[in-house]
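> Let me begin by handing over the structure; questions about it come next.
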């Protein structure tokens with residue numbers, strides 16, 4: 001199993017769509033007990049999500065628990081000329097939306113955006 005496949009499986013097991021984070025993971029470190037993870041890509045990446053540009057640093061860290069990714073570091077969203085950090089990602093209670101917390105504000109996107 002590749003590091004990308006391992007990450008997608010862990011995301012799916014926590015209730016998230018497998019496409020929530022980009023492909024191209026070169027290294028994944030994951031602590032089963034705490035859910036703490038560290039993801040490494042070959043380079044920084046960017047993707048379009050719901051009309052926004054999401055920027056991924058070469059290294060991401062955070063904690064995955066069912067329905068939540070907390071303590072997230074290394075993900076930003078471009079809003080005009082600003083690049084505030086995404087600090088948390090959660091699933092809506094209905095599990096139909098992925099909710100990003102950015103600078104204290106929340107923005108929801110349909111799960112289908114990450115298929």
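No lab work stands behind these numbers, since they all come straight from the coordinates. What you are looking at is a predicted structure, and each value in this text was computed from that prediction instead of being measured. In this analysis, Cβ positions are derived from the backbone assuming ideal geometry, glycine residues included, and neighbour counts consider all displayed protein chains.
> Hey, what does the equivalent ellipsoid look like for the chain, semi-axes from the Cα gyration tensor as sqrt of 5 times each eigenvalue, largest first, whole Å?
Details: eigenvalues 78, 57, 35 Å².
After diagonalising the Cα gyration tensor, the semi-axes are 20, 17, 13 Å.
> Another one. Given Cα pairs under 8 Å that are at least 6 residues apart, what percent is the relative contact order of the chain? Working shown, then result.
Values: 235 pairs, mean separation 21.3, N = 115.
Over the chain, the number comes to 19 percent.
> Please state the equivalent ellipsoid semi-axes for segment 55-95: what are the square roots of 5 times the Cα gyration tensor eigenvalues, largest first, in whole Å? Numbers along the way, then the final one.
Numbers: eigenvalues 86, 38, 8 Å².
After diagonalising the Cα gyration tensor, the semi-axes are 21, 14, 6 Å.
> While we're here: Spin-label point model (7 Å from Cα, Cβ direction): what's the residue 79 to residue 63 distance in nm?
2.5
> Further question: May I ask you to derive the FRET efficiency for residue 26 and residue 53 from their Cβ-Cβ distance with R0 = 30 Å, giving the value to the nearest 0.05? It would help to have the intermediate numbers written out before the result.
Details: r = 22 Å, r/R0 = 0.74.
It comes to 0.85.
> Ok, one more. Rounded to a whole number of µm²/s, how large is the Stokes-Einstein D of segment 13-72 at 10 °C and 1.306 mPa s, given Rh as the Kirkwood radius over C-alpha pairs? Walk me through the intermediate numbers first.
Values: Rh = 12.3 Å.
For these conditions, the coefficient is 129 µm²/s.
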